[in-house]
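Worksheet for the structure shown next.
The values are calculated or read from the model by the stated rules, or taken from the named source; none is laboratory data. Computed from a predicted structure; not experimentally measured. Ideal geometry is used to build each Cβ from the backbone, glycine not excepted, and the neighbour counts take in all protein chains shown.
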């Protein structure tokens, strides 16, 4: 039956509504698309080392621990253990050396990163609420140790919107060795609209389901998308307020745009030989080379204005502690002499490359892990147990004073004792540099205005320019 004049006019009006809806979709669910105040940073790179990288073997030099290595731990060090009893004090197996104009003491295991200490603000007084990897990783990424809360990258995307509508606002780059403890909970959107979760891919694994199916011509694919878009918009108009539908439509439209943009951004063959050598992208160590290529991918995403990139160096625990991540319970020396070369050159190359391109002028870079390690050896091993009472994170880039150390642990590195800081302070500082007041960035959920920082958090102003 031929459509009536009334039907045609109705479809025309619906189509106009659909066009209007489509223009809003890239920002669907956003509370705002501009900061609360003038930002220092436009985007964030978070480098995460899962497994609890040992602060006292990397960044937090403890001469008293070195001096008294092998002695019984003081009675006051009555720490709760995770995996068996603690033994005697154990100094770091590696020498620490003063680096840069600041003379910051850094392990010899990280010669390249050590050369950049004058650009870095170290926070040595971090504490966690849990000594278990999964909850601690989720806490560091979402502000809560329970799963189901939005990740920091999701909050940033919700607050600021996209700066490049042809690429995701938030990307998570897992290590070639696997995903971190608690997996997707580290980059999920929680109760925020689903469009704010990260898109997950790395240099070795392209974005899934993005390519056009074999045998489907481009014109047919485009026509199908247009028809599907019409149906979706018509349905959305009839069912206003359905956030999941809006997020799904937005994701389809983003996927269509990414069919053109993603192959270009992930094509590392365009990088010069000198740049690949700077990162170690062709290193004989396949794990180092893979991480280096992920670092290159991170830089390419950031320079195309992806708001938030989570870059992981290592994965979840395996059947052998310390094999796939920094969880060195039994064989600290062998584990870290395997992991540090993977982290060092590619990360330092990334920072140097970003500096040379001007990216560090408006990009905040943070290095994090979920908690620290004990200053004792785990009984019967030459490794260290979990320590939520002390660990180190660091900041560099936009708005950061380099060459400083904030906070301190005790003489053995067992507990934060000076300017004690929390994950909430870390997140408050990150948001502040993006021009966001962590107390004003909220989402109403289950009867309460939720925040990334819960009901806590102080900006660490001493590390800011």
Fill in: 1 or more residues within 19 Å of the chain's Cα centre (by Cα): qualifying strands (runs of 3 or more DSSP E) within region 373-427
391-397
Item to complete: Within region 324-338, identify whether any single residue is in the same structural domain as residue 162 (by TED's automatic domain parsing), closer than 20 Å to residue 281 by Cβ, in a helix (DSSP H, G or I) and over 16 Å from the mean Cα position of the chain (by Cα), and answer yes or no.
Response: yes
Worksheet item: Restricting attention to region 352-368, which residues are assigned to a helix (DSSP H, G or I) and within 16 Å of residue 271 (Cβ to Cβ)?
Response: 352, 353, 354, 356, 359
Fill in: Unique match (being crowded, with 21+ Cβ neighbours inside 10 Å, in contact with a strand residue (DSSP E or B) (Cβ under 8 Å, 6 or more places away or on another chain) and farther than 20 Å from residue 179 by Cβ) among 302, 297
302
Response to the item:
Contact list, first residue from region 272-294 and free of Cβ contacts under 8 Å to residues at least 24 places away in the same chain, second anywhere and surrounded by 18 or more Cβ atoms within 10 Å (Cβ to Cβ) and not in a helix (DSSP H, G or I), beta-carbon distance below 7 Å, six or more apart or interchain, is 289/280; 289/281; 289/283
Worksheet item: Only one of (1) surrounded by fewer than 22 Cβ atoms within 10 Å (Cβ to Cβ); (2) modelled with pLDDT under 95; (3) touching a helix residue (DSSP H, G or I) at 6+ places or on another chain (Cβ under 9 Å) is not met by residue 218, so which one is it?
Response: (3)
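Each row is one residue, and each column tells you yes or no for (1) out of contact with any strand residue (DSSP E or B) (no Cβ under 6 Å at 6 or more places or on another chain); (2) more than 17 Å from residue 48 (Cα to Cα).
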{"site": "333", "(1), (2)": "yes, yes"}
{"site": "344", "(1), (2)": "yes, no"}
{"site": "350", "(1), (2)": "yes, no"}
{"site": "366", "(1), (2)": "no, no"}
{"site": "389", "(1), (2)": "yes, yes"}
{"site": "397", "(1), (2)": "no, no"}
{"site": "405", "(1), (2)": "no, yes"}
{"site": "411", "(1), (2)": "yes, yes"}
{"site": "421", "(1), (2)": "no, yes"}
Worksheet entry | Residue within region 434-451 that is out of contact with any helix residue (DSSP H, G or I) (no Cβ under 7 Å at 6 or more places or on another chain), under 16 Å from residue 44 (Cβ atoms) and either part of a strand (DSSP E or B) or in contact (Cβ under 8 Å) with a residue 24 or more places away in the chain (or both) present | yes
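For residues that are assigned to a helix (DSSP H, G or I) and in contact (Cβ under 8 Å) with a residue 24 or more places away in the chain, scanning just region 167-191, find the one that is farthest from residue 312 (Cα to Cα).
185
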